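Some notes on the structure that comes next.
Bear in mind these aren't lab numbers, they're just calculated from the coordinates by the rules spelled out. Keep in mind that this is a model prediction, so the values were computed, not measured. Here the Cβ positions follow ideal geometry from the backbone for every residue, glycine too, while neighbour counts run over all protein chains shown.
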Amino acid sequence: MPCRGRIRNGVVVPDQPFPWQEGTEVVVEPIELLPRATLAERFRDVIGTVVDLPSDMARHHDHYVHGTPKQ
């Protein structure tokens, strides 16, 4: 029987009283994942470190990287 609760100050606090006896072993799994870092957050250490790129690099990166025609 699943029960819902929240973490408060490092302790699981149930929304309703647990239906089990004190000392019952349980498994706790989150129902929502921690927020993932955005790409900008993940690559913040390298963003802006390359110099002398063409001013339209972002728009035409396939042209500069792969040689495709500019769109």
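Assorted remarks:
- Positive-pole candidate from Ile7, Pro17, His61, dipole of the chain, charges at beta carbon: His61
- Other residues within the sphere of radius under 14 Å centred on the Cβ of Pro2, judged by their own Cβ, net out at -1 (K and R +1, D and E -1).
- Mean shadow area of the chain, taken as a quarter of the surface of its Cα convex hull (nm²): 10.0
- A simple rule links phi to the HN-Hα coupling: the Karplus curve 6.51 cos²θ - 1.76 cosθ + 1.60 with θ = phi - 60°, which for segment 21-35 gives 6, 4, x, 5, 6, 9, 10, 10, 10, x, 9, 10, 7, 5, x Hz, with x for Gly and Pro.
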